[in-house]
Amino acid sequence: MGDMTREGASIGAGIELTQFYQVFFDEAGENLDHFEAQLLEIDLVAASDDALNSIFRCAHSVKGGAATFGFADVAELTHQMETLLDKLRRHELAAAPAMVDVLLQSADALRAQLARHQGAGGEPVDTAALCASLRQLASGAAPGAAPPAGLTAAAVGAAHAAPQVGATPAATAGLRDLELRVGPLANPAEANSLVELFHEIADLGLIEPLDGGEPADGMRRFRVRTSSSDSDLLDLFTFHVARESVLLLPLGPGYGFHDGAPGVPQATPPETAFGLFEGAPGAPREGPASAPAGTDKAAPPSAAAAAETATLRVSIGKVDQLINLVGELVITQAMLAQNSKQMDPALYQRIATNLADLDRNTRDLQESVMSIRMIPMATVFARFPRMLRDLAAKLGKQVEFVTLGEATELDKGLVEKITDPLTHLVRNSCDHGIELPAERIAKGKPATGTLTLAASHQGGSILIEVRDDGRGLSRSKLIAKARERGIDAPDSMPDAEVLALIFAPGFSTADVITDVSGRGVGMDVVKQNITALGGTVEIDSAEGYGMSVKVRLPLTLAIMDGMSVGVGDEVYILPLSSVIESFQAQPGVIKTMGGSAQVIEVRGAYLPVLDLEQVYRVPRLGAESEAGAGSGGIVVVAEAEGSRVAMLVDELIGQQQVVVKNLEANYRRVSDVSGATIMGDGRVALIIDVGSLVRRARH
């Protein structure tokens, strides 16, 4: 962790805080994501109490964890954010755009601070200017020197010494006495560690034991003199001890309590737990008496506790290992099914029934395990509102961002790889597509442009569309740019081919190079990255009305539906999502053009024919070799990258789910092959790269 000091890394006997760091960082990241998303959606004119309270809780949760672990810089910045947000939710201040800007910049600074504490290195993040702006906004004044838009908070401000975490300014300090009860604990000595935590992590006040320091029924009692709020104290202690084991009570007459002593506090009903003692803000005024101790009636779990038990954090490595094991199980089950075909069903009826059950259960298990890696597209879409807000402000444009199909799920591995291409497409739409407000009004359009990001399932694929209502692509401009770069572009080119020019390396329609785009690096890389994932990109445009870019991807890279085809003595797998149709080719229907190229007419269109025996150099034996491919066979029509190709095979074996193995990692890269799998008889079958065959047919 470098030279960073972390107070409280190991405090007292039995508490090692470093084991909780990753949980804190994960939860802080999630809270900041929610914080930013809700800030971007907030209605400044009529901000709802629920929205303001939710935003406040996100900042408060980060502050509580940071104070517990001794991250003073994080706690100080969140404390200033919390002060401003508290006044907003109490309606002491009216929400303003400047507040949203400063709070978003504060969230960026917090991410940088947390990354540094995680060991990412770099210089300490200076947040003096941000804290000053937050204080000015909280006082009702306009911020004097808010950081410029587009710059991170790390680049602004001067040196600033953060005060002690939890310290209350002298002007508002108000000490009060409380009784703290901890327990019952399996090891009562753990309470001593919490006391040391109280002293060493934060200057919260004084704490001393009651009852002479002796536990009663495993319960320890302490007198606490502090100026901190109940919620801050509870945030501190319940990070290490279950919430139901901590009670804050008003200090009764006298202390040093023991059983039977005058003034000993009575048993606290459940309603007064967690700082909600009689007279405290939020405490219940009236209600039925609580159930006596020992009864079967249990208090319902809180929403926070329910949320914690609803999810489980598991490392991606464990999930990948589980998927690999299930893949091996699928292969073993396929081998058993293959061998069982040789058995007499009458003699081995029970075994056949058990194998059928195994087949069904294996498929269910496989689908369940694969669903673990599937995450909603909302996680990808969530990063674009903030980016678009900053980019539109920088370009002087007004953009409304619309998302559709956020619940559509995609494999986590694909989500990580598709994020960068989508980011480029969204930035392109905002920069090149959507016009400036004055230009839009002159064209009879609303001043605010609309950028839509949509996701949906189509068959075995996911379709992601980036659509805008901007100027669209100009056919004449594309052809002119292509000719400037020496690309053959006649006026008779079909629209689809003209639009496809945008994917040429180094091609750009921008007149001026900016830090956003214009250098011709992007769309070609976008297509390469998506093609590498087994996907396709399609462009549709109407000049003056907008354009649409559609990205089609497989749902997962681990297991796929495939069609087994036989070529000679070999078996190949075709991705089922690419297969259009298959039919028996009659002798003479395959025509030869230009010496060696072959074509076949399918439904009024001529498709190039590729004989897989020649493509993969599969030897034919005996009569097959003499007959040759042109005498007939089975034709399988497949589609990729917007084009179709007819493949000549010897037989269709069947349809099955196959476990995709990376051939490049286990052997080496093989042209026209995207991977491999293991068949039921133990043989390796290659998975055909249909996109590569389509490109081969074009050439």
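The values are calculated or read from the model by the stated rules, or taken from the named source; none is laboratory data. In this text the structure is predicted, and so the values were computed from the model without any measurement. So basically every Cβ, Gly included, is an ideal-geometry build from the backbone, and we count neighbours across all protein chains shown. With ligands, DNA and RNA removed, areas are computed over all heavy atoms of the protein, side chains included. Shrake-Rupley method; radii C 1.70, N 1.55, O 1.52, S 1.80 Å.
If you check residue 412 against the conditions, is it open to solvent by 70 Å² or more (accessible area, probe 1.4 Å) and either at pLDDT 85 or above or farther than 21 Å from residue 36 by Cβ (or both)?
no
If I filter the range 367-386 down to residues being open to solvent by 50 Å² or more (accessible area, probe 1.4 Å) and part of a helix (DSSP H, G or I), which single residue comes out as nearest to residue 398 (Cα to Cα)?
Per the stated criteria, the residue is 379.
Can you name the condition, by its number, that residue 524 falls short on among (1) acidic (Asp, Glu); (2) at pLDDT 80 or above; (3) within 19 Å of residue 428 (Cα to Cα)?
(2)
Would you kindly identify the strands (runs of 3 or more DSSP E) lying entirely within the range 530-591 that contain at least 1 residues that are open to solvent by 20 Å² or more (accessible area, probe 1.4 Å), closer than 30 Å to residue 448 by Cβ and in contact (Cβ under 8 Å) with a residue 24 or more places away in the chain?
In the range 530-591, 536-542, 546-554 are the strands (runs of 3 or more DSSP E) which contain 1 or more residues that are open to solvent by 20 Å² or more (accessible area, probe 1.4 Å), closer than 30 Å to residue 448 by Cβ and in contact (Cβ under 8 Å) with a residue 24 or more places away in the chain.
With respect to residue 481, is the statement that it is open to solvent by 50 Å² or more (accessible area, probe 1.4 Å), outside any loop (DSSP other than H, G, I, E, B) and in contact (Cβ under 8 Å) with a residue 12 or more places away in the chain true?
For residue 481, the condition - open to solvent by 50 Å² or more (accessible area, probe 1.4 Å), outside any loop (DSSP other than H, G, I, E, B) and in contact (Cβ under 8 Å) with a residue 12 or more places away in the chain - is not met.
Given 410, 453, 473, which one is in a loop (DSSP other than H, G, I, E, B) and in contact with a strand residue (DSSP E or B) (Cβ under 7 Å, 6 or more places away or on another chain)?
The unique qualifying residue is 473.
Here's a check for you: in the range 62-108, which residue that is polar (S, T, N, Q) and in contact (Cβ under 8 Å) with a residue 40 or more places away in the chain is farthest from residue 37 (Cα to Cα)?
Within the range 62-108, the match that is farthest from residue 37 (Cα to Cα) is 68.
Taking the range 456-470 on its own, how many of its residues are farther than 19 Å from residue 542 by Cβ, in contact with a strand residue (DSSP E or B) (Cβ under 7 Å, 6 or more places away or on another chain) and open to solvent by 10 Å² or more (accessible area, probe 1.4 Å)?
Final tally of qualifying residues: 4.
For residues in the range 74-111 being over 15 Å from residue 133 (Cβ atoms) and within 27 Å of the chain's Cα centre (by Cα), which is most open to solvent (accessible area, probe 1.4 Å)?
That would be 111.
From the list 330, 326, 314, which one is closer than 26 Å to residue 369 by Cα and either loosely packed, with under 15 Cβ neighbours inside 10 Å or in contact with a Phe, Trp or Tyr (Cβ under 7 Å, 6 or more places away or on another chain) (or both)?
Exactly one residue qualifies, and that residue is 314.
Quick test for you: out of 350, 440, 389, 427, pick the one residue that is over 22 Å from residue 469 (Cα atoms) and assigned to a helix (DSSP H, G or I).
350
If you scan the range 653-699, which residues turn out to be within 17 Å of residue 530 (Cα to Cα), in a strand (DSSP E or B) and open to solvent by 40 Å² or more (accessible area, probe 1.4 Å)?
674
Can you find even one residue in the range 422-431 that is farther than 16 Å from residue 523 by Cα and open to solvent by less than 50 Å² (accessible area, probe 1.4 Å)?
Looking through the range 422-431, none of the residues is farther than 16 Å from residue 523 by Cα and open to solvent by less than 50 Å² (accessible area, probe 1.4 Å).
Answer yes or no as to whether residue 639 is modelled with pLDDT of 85 or more, more than 22 Å from residue 413 (Cα to Cα) and acidic (Asp, Glu).
yes
For the range 442-453, does any single residue satisfy the condition of being within 23 Å of residue 535 (Cα to Cα) and buried (at least 20 other Cβ atoms within 10 Å of the Cβ)?
Yes; the residues of the range 442-453 include at least one that is within 23 Å of residue 535 (Cα to Cα) and buried (at least 20 other Cβ atoms within 10 Å of the Cβ).
For residue 364, indicate whether it is touching a residue at least 40 places away in the same chain (Cβ under 8 Å) and open to solvent by 30 Å² or more (accessible area, probe 1.4 Å).
Answer is no for this residue.
Quick one: in the range 392-407, which of the residues that are aliphatic (A, V, I, L, M) and assigned to a helix (DSSP H, G or I) is least open to solvent (accessible area, probe 1.4 Å)?
Among those that are aliphatic (A, V, I, L, M) and assigned to a helix (DSSP H, G or I), it is 392.
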